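> Dropping the structure in here first, questions after.
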Amino acid sequence: MRPFRALIIAAGLLFLAAGAGAEPKVAPGYKLETFNMPGAAFAGLSRDGEDLLVSDLASGRLYSRGGDGKLVPFGPIFQHGPDVIGDPTGPYRVVRAGDAYVVAQGWKPADADEDQFDHALVAVDLDGQARVINSDFWNPFDLIVSDGTYYVIDSARNSVERVEADGRKSTLTTFGRLAQAATTLRSLSPTEFAKGDSYEVDAVPTGIALRDGRLYVTLFGGFPFLAGAGKVVSLPEAGNAPRPQLEVEGLNAPVSVAFDSDGEMLVLEHGTYDQKEGFGKGSGRLLKLGKTTGDRKIILDGLTRPVSVLVWDERRIVVSELGGNLHFLTDEAQR
């Protein structure tokens with residue numbers, strides 16, 4: 001079985017079509033505004049000056065959203081559509097890097113011919129011309145840029161890859177499998193998981209952020225996506241094969257991580273999973289963790305399959321959802 005299929009990861013069950021859920025609930029002191037584009041499946045978010053960059057898995061398009069609130073497509077239309085197990089694939093993430101845009105493009109759709117941009121890191125110049133930086137990935141889901149070096153999450157390989165501007169690639173770290181509590185697994189299937197049995201799932205890294213020389217990575221956790229099994233770990237940007245350090249545990253399928261202007265961590269939880277219903281409508285949420293205490297505060301709740309969180313400035317945060325929503329959260333206490 002191919003690794004990316006076995007994981008059922010960010011190009012898998014995570015991206016089943018999102019249905020309408022309950023209205024998101026915002027914490028006191030915050031204001032929420034939502035933009036919806038029918039039929040879209042928004043994924044990656046990043047900032048390009050005063051413009052918001054968004055990738056859409058439903059159309060294979062990259063969009064730029066300026067101050068007028070309009071989404072303007074740019075660059076080529078990337079391959080998109082269901083993969084061999086029926087899950088959407090396409091451009092997961094786009095970031096601005098110098099005079100180009102860099103895209104993490106997923107595995108090829110099942111009904112498409114092989115394409116040079118499949119499972120690749122792709123540069124798109126300002127004229128819209130695309131070239132492959134490196135295609136030695138299984139499923140590149142997220143990336144950041146630091147001093148001309150790309151750090152790419154390969155969710156299917158359970159790894160963080162370091163890619164130089166000229167395309168040279170090295171593996172920074174590969175995450176081991178995560179042990180699951182037998183008691184929790186028995187609640188899912190008493191006949192399949194005997195008392196005392198141990199069980200491990202793939203780590204499934206998803207989101208990545210850089211703070212004070214350390215890379216922070218969300219570990220989504222593989223099937224059966226147990227509640228509380230997700231983690232955030234960190235590792236130094238410099239060095240090779242560093243040992244990850246646990247930062248946060250007990251998370252529900254964390255998919256993205258960021259830091260606000262005060263250095264407090266934001267973690268976006270994809271939600272809780274039911275074996276019959278899939279990821280629950282309205283079960284996703286955005287957490288803010290106290291910098292010194294680690295206390296968790298839910299600042300946005302009731303999300304349905306959220307994908308990315310972006311800190312825009314000291315007041316504003318943006319969250320994407322597969323249902324074609326962009327949520328703009330404003331801290332009204334920050335003036």
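The values are calculated or read from the model by the stated rules, or taken from the named source; none is laboratory data. Predicted model only: the values in this text are computed from it and were never measured. Using ideal geometry, Cβ is built from the backbone for each residue, glycine included, and neighbour counts are taken over all protein chains shown.
> Return yes when residue 134 is on the phi > 0 side of the Ramachandran plot and at pLDDT 95 or above and no when it is not.
Criteria not met by residue 134.
> Could you tell me whether residue 113 is surrounded by 17 or more Cβ atoms within 10 Å (Cβ to Cβ) and among the acidic types (Asp, Glu)?
It is false that residue 113 is surrounded by 17 or more Cβ atoms within 10 Å (Cβ to Cβ) and among the acidic types (Asp, Glu).
> Give me a count of the residues in region 284-295 that are modelled with pLDDT under 95 and either on the phi < 0 side of the Ramachandran plot or buried (at least 22 other Cβ atoms within 10 Å of the Cβ) (or both).
So the answer is 5.
> Could you give every pair whose Cβ atoms fall below 9 Å, whose first residue belongs to region 283-297 and is more than 22 Å from residue 23 (Cα to Cα), and whose second residue is of a type in the set (Asp, Glu) and at pLDDT below 95, counting only separations of at least 6 or pairs across chains?
289/295; 291/262
> Restricting the search to region 288-335, which residues are touching a Gly at 6+ places or on another chain (Cβ under 6 Å) and farther than 19 Å from residue 28 by Cα?
Hits for region 288-335 are 291, 304, 306, 308.
> So in region 129-164, with the set limited to residues that are within 13 Å of residue 94 (Cβ to Cβ) and not hydrophobic (A, V, I, L, M, F, W, C), which one is farthest from the chain's Cα centre (by Cα)?
150
> Does residue 160 qualify as being surrounded by fewer than 21 Cβ atoms within 10 Å (Cβ to Cβ) and of a type outside the set (D, E, K, R)?
No: the conditions fail for residue 160.
> Looking at residue 14 and the list (1) outside any loop (DSSP other than H, G, I, E, B); (2) at pLDDT 95 or above; (3) over 17 Å from residue 328 (Cα atoms); (4) of a type outside the set (Lys, Arg), which single condition is not satisfied?
(2)
> Enumerate the pairs (first residue in region 141-153 and without any contact (Cβ under 8 Å) to a residue 60 or more places away in the chain; second residue anywhere and among the small types (Gly, Ala, Ser)) with beta-carbon separation below 7 Å, excluding pairs fewer than 6 apart on the same chain, so at least 6 apart or on different chains.
The qualifying pairs are 145/97; 148/165; 152/104.
> Determine, yes or no, whether residue 146 is among the hydroxyl-bearing types (Ser, Thr, Tyr), modelled with pLDDT under 90 and out of contact with any Lys or Arg (no Cβ under 8 Å at 6 or more places or on another chain).
Spelling it out, it is not the case that residue 146 is among the hydroxyl-bearing types (Ser, Thr, Tyr), modelled with pLDDT under 90 and out of contact with any Lys or Arg (no Cβ under 8 Å at 6 or more places or on another chain).
> Looking at region 202-246 only, could you name the residues that are among the hydroxyl-bearing types (Ser, Thr, Tyr) and touching a Ser or Thr at 6+ places or on another chain (Cβ under 8 Å)?
206, 216, 218
> Shifting gears a bit: Got a number for residues in region 106-128 being touching a residue at least 12 places away in the same chain (Cβ under 8 Å) and farther than 22 Å from residue 81 by Cα?
Of the residues in region 106-128, 2 are touching a residue at least 12 places away in the same chain (Cβ under 8 Å) and farther than 22 Å from residue 81 by Cα.
> Let me ask another. For region 185-220, which positions are modelled with pLDDT of 90 or more, part of a loop (DSSP other than H, G, I, E, B) and out of contact with any Asp or Glu (no Cβ under 8 Å at 6 or more places or on another chain)?
202, 203, 204, 212, 220
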